[in-house]
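Report on the following structure.
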Amino acid sequence: MENQTIVSQATPFGYSSIAVIRLSGEHAFLFASGLANISTPRKHLESVLLPIFDEGGKRIDSGIFTFFKNPRSYTGEDVVEISCHGNPLIVKMILNHSLFLGARLAEPGEYTKRAFLNGKMSLSQAESVGALIASKSKNAIYYNNKNIEGASTESINTIKEGLISALSAIEYELDISEEEDTLHKTVSNVVKILNNNNLLCRSLISSFDAGVAYSSGFRVVIIGRPNVGKSTLMNALVGLNRSIVSDAAGTTRDTVTHDLIIDGYPITMIDTAGVREVYDNIEAEGVQRTTCEMGRADIVLSLYSHDTKPVDNIDVKKQINVYNKADLHKNKKLSGSDICISALHGTGLEKLNKALMAALLDVGSFSGDVFINTERQKQSVMSCESSILKSLALLKKENPVVEIVAYEIKTAIGSLDSFLGKTTTDDILNKVFSSFCVGK
Amino acid sequence: MKHHRVDVVVVGGGHAGVEAALICDHYKIKTLLITMDPSAIGRMSCNPAIGGLAKGQMVREIDVLGGQMAATTDSSGIQFKILNKKKGRAVWSPRAQVDKRCYEKLVLEKIKKSSVEIITGEVVSLLYKKNRVAGVTLRSLEQIYSKTVILTAGTFLSGTIHIGERKINAGRMGEERAEGLTQHLESAGFKSGRLKTGTPPRLNRKSINWSKADLSLGDTNPVPFSYSTKTFNPTNEPCHTLYSNDESHQIIKKNRDRSPMFSGDIGGVGPRYCPSIEDKVFKFPDRDSHLLFLEPEWTNSDQIYLNGFSTSLPEETQIESLRVIPGLENVDFFRPGYAIEYDFFPPSQLKNTLETKDVSGLFFAGQMNGTSGYEEAAAQGLVCGINASLKVLGKEQLVLTRDSSYIGVMIDDLITKDTLEPYRMFTSRAEFRLALRYSNTPDRLLEKAVECGSIRKSLEDLLLSVIKQKQNMREGLGGSMAPDEIKKITHLKHSAPAKDVLKRNEVSIWDLPKRYLEYPPEHPAWLVNDTIYDVESDIKYEGYIKRCIVEMRSLRKNEKIKLQNDLNYGAIPGLSSEAIEKLSTIKPENLGQAMRVSGITPSDMAVLAIHAVKESVSRGTT
């Protein structure tokens, strides 16, 4: 559906004084009134302070609503911009309420795309819009694969595979079986698969609700050889005595995490076990976790000093090399962008903080809407679940109309497709051909 | 040497060629049909049936678009059946067992009655004028000049038959193959490939112990394919079924190496949906039996088609593995099963009109486009014939979209997807399956048929009255039913529109008071039933159909955004390298087609959409 009303946060993700949420599309005015629980008609450029409610009718915030009537808006559609308090939790609740009202979350670059397609942009801007969307979707793909809890993508994939096998069982009935009377068996098989996947959807949705996936901000991982001062740096940065600091190499055998906010960006700082060639059994586990953390990191702080080499062969998205213990060995020559600090004495930490911010801006330079991927995942799983439930209801009837069930399962698969790539009719037929003895 | 000058040359007299030639004749343009064997015109070379799952819907579409297959099937059918009756009304698919000899005879009569001229010969090359086709050259070196050419060569292009280790160069068993045309087309720039298909053995009725087989009959209230069929009292001749067993599977396994499928003698790819028995035995080792159908090839025929046992094993293995099946202990063959390999031309080289992208006026239809099946071939032949005629007459081409018909789905699939095996129609290929019912074919296609002038006036009038009747009934069903009337059929206390009552699960349209089901007396009983069921379907499926319509709209929007044939995809920033490669080969005509090319991601689509809109703005067109 091309012109469905879309919603997303227009300001960067994180804590700030003000966050802006933008609604665009046919029902933007209607949904905005829904958020404020009023029904006064609005005029172009009207700006009013209104209360904001969640879908349960509880007041959560108040904000400035600005209304733009089509075509005189950024996208050329009806647009409402809501300025509320810059708390990610409030933003999340407003987005949720908008989705409840019938909006959907914007795709990366979608506002710009609509603006262009509605003739709100000059020709010369078109190329850059295309490139922008392409690069944004690359980032989105990157985030889908890596940053978001890998486990949820995997579970969604499992659900999709289950649905494809249910659908192919039905398509076998519709397209192949002709005179063989296998319908009854197929139906009970499909019910089994659907029930199973319904449970998977349920548990996935509750895991999203727990906010586990959502609340994790950028992951900054500190790595280095044993005793290079990782925990000291972590403590210095966090300003809290959370990691155990000692002189024996290999103290931090596990990863230690701490959430903090730097310049409005939510950050999860992760201290890891030291990486060295030889380690004992207890450490082995810790080192494995370190490798795992590096894989999920947005930014890696690679620590080294005058007497320890940096950890080599690391393949990460963004890396900052940090030379520690500068107080012990003052005139060390550093390569290019390496940052010189003493974690123990707190020198150079300002500079490191700046470098960290620059890197965060780089990693997080695309607009906020990519960051709500998990929210979009949750929406997808919820609509998938509702289609599964409809299918199950249809299958309970005495003589189930399986072609309608097929349609519902297809809809269910379609809701997962935006994350996992399009499912084509060939995918279904391939499954039919590979799973069933087909043909006269 | 005699010089011909015609409007259209149709090469081949199979199901594609016949439809093409007859529809061209309907347009009253000068039509020449060239065949290597005039006695084989309209021949059903494989199974003695027309229609079936998804194919039956296509035959109805052929009928509404002015084709002959439906009516001929009605006159030559010996058993009619609607398949999938229990599985939902959109997948109800009519199928008929057909008297092959009768079918062939009726087709030849139609051609002879028309002004289509038939000549015997083999086309070896084409004539061109710039990048337009200008005619054909026969093996006899005779040249025929023509404004358009439709090639429907079937399995004849470099056809090779395999039976075990035996190889025979032939287009069909006992018929010569065509040589040279593939090489000619390749030198003209067309890409070709190799496909394989197969056919089962034909058994002698007298050698079968029929008491061991199960009976399978058609419907007692048969429904014809064609709207123009007036008198319809077909026979209901029985088919029979048997099961293969483990013993016969063992024999097949033992002789596996002698099948050219496994020995590597066959390079062409065969259809997965119509696997040979040796394929089935190997792919599904858990199955200890496979269903086999015994189908008469014509009325009182001694020749029985063994459906489900397509094979290229040596003849003696075929006999040996069948004689261990109860009922076939003494079976004899009229002819063994065989596999055939043939040249095809990947259909991504065609436009959505089935005209080739590079040579104007040249059309391809049927198996040479990589499809299999009589119905698929006939549908393409018909579209080629209509478009060749419209081209000769200087009129706009007929394009069938995915939301209009199975034929539209097929053509779109052919031109946008990689052809890796012979293409067969399945209902699951149609994303708008719920809206593409055999019973609503006129609603979907009549307007198109009238617009392009392919339908006869008498049929047009009948179908208009059917559509009008449906409208009236739907309107009538908006009227309220009294509580008394409702009480008789469902638990509902207050009065309500009949439509809402009908939406309830337990209510059928036949339960409603007679006034809702009034019908013009001139329509035959089957058509009355058909129409009433279709109105019921529309109402029962209303919610789903509405969802389909929303999806259709977005599809249509993308179809309207044209892409230039010479578009340099490599120069569009942001396209993935896979997209660049695929789009450069397939050269989609519009954004909708591009979207369906395999390997194209949503991000590629966004980039391409913006590029296309930008292009059309800068060209000053929309």
Probe 1.4 Å, all chains present, heavy atoms only: residue A:170 accessible area in Å², nearest 10, is 0 Å²
Take a quick pass over region B:202-339 and tell me how many lysine pairs come in under 24 angstrom between Cα atoms, counting only ones 8 or more apart or on separate chains.
5
Output the Cα-based Rg and Dmax of chain B in Å, rounding Rg to one decimal and Dmax to a whole number.
25.6, 85
Can you tell me the Rg and Dmax of region B:1-143, counting just the alpha carbons, in angstroms?
17.6, 61
Would you kindly work out the equivalent ellipsoid of region B:257-364 from its C-alpha gyration tensor and give its semi-axes, the square roots of five times the eigenvalues, largest first in whole Å?
34, 19, 13
Taking H as built 1.01 Å from N, whose amide H comes closer than 5 Å to the amide H of residue A:60, not counting residues under 5 places away?
A:52, A:53, A:54
At 1.4 Å probe size, put B:265, A:338 in order of accessible surface, largest to smallest.
B:265, A:338
Rounded to a whole number, what % of the accessible area of region B:202-339 do carbon and sulfur atoms account for, probe 1.4 Å?
46 percent
Residue B:28: which lysines have alpha carbons under 17 Å from its alpha carbon, excluding same-chain residues fewer than 8 sequence positions away?
B:110, B:112, B:113, B:147, B:391, B:395, B:457
Could you calculate the contour length gain from residue A:154 to residue A:292, that is, 0.36 nm times the residue separation minus the distance between their Cα atoms, to one decimal place in nm?
48.0 nm
Log entry: pair-distance distribution for region A:6-121, C-alpha pairs binned every 10 Å from zero, whole % per bin is 15, 50, 31, 4
At what distance in nm do the modelled label points of residue B:323 and residue B:129 sit from each other, each positioned 7 Å from its Cα along Cα→Cβ?
6.4 nm
From the cross-link list A:431/B:55; B:85/B:493; B:587/B:614, the entries with a Cα-Cα span beyond 23 Å are B:85/B:493
Residues of A:425-431, mean number of Cβ from any other protein chain within 10 Å of their own Cβ, rounded to a whole number?
4
Taking every DSSP beta bridge that has both residues in chain B, what percent is antiparallel when rounded to the nearest 5?
70 percent
For region B:274-349 and region B:557-614, write down the distance between their C-alpha centroids in whole Å.
43 Å
Amide H within-cut-off set for residue B:364, under 5 Å, with H built and near neighbours excluded:
B:151, B:356
Taking beta carbons within 10 Å but only from partner chains, what does the mean come to for residues A:394-406?
4
Under 19 Å Cα-Cα from residue A:92, which lysines qualify once same-chain neighbours fewer than 8 residues away are excluded?
A:58, A:378
Would you mind giving the total buried accessible surface between chains B and A, with a 1.4 Å probe and ligands, DNA and RNA left out, rounded to the nearest 100 Å²?
4700 Å²
Peptide B:80-88, shielding by other chains (average Cβ, 10 Å cutoff)
5
What share of Cα pairs, in percent, lie more than 59 angstrom apart in the protein assembly as shown?
23 percent
State the antiparallel share, in %, of DSSP beta bridges confined to the protein assembly as shown, rounding to the nearest 5.
70 percent
Which of the aspartates and glutamates could a cross-linker span from residue A:325 if the Cα-Cα distance has to be under 19 Å and same-chain partners fewer than 8 positions apart are dropped?
A:247, A:271, A:307, A:338, A:350
With the other protein chains left in place, how much accessible area per residue, in square angstrom, belongs to region B:495-622 at a 1.4 angstrom probe?
48 Å²
In units of 2.2 N^0.38 Å, what is the alpha-carbon radius of gyration of region B:529-622?
1.44
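The values are calculated or read from the model by the stated rules, or taken from the named source; none is laboratory data. All figures in this text were calculated on a predicted structure; none of them were measured in a lab. A quick note on method: Cβ atoms are made from the backbone with ideal geometry, for glycine too, and the neighbour counts reach across all protein chains shown. Just the protein is used for accessible areas: all its heavy atoms, side chains included, with ligands, DNA and RNA removed. Shrake-Rupley method; radii C 1.70, N 1.55, O 1.52, S 1.80 Å.
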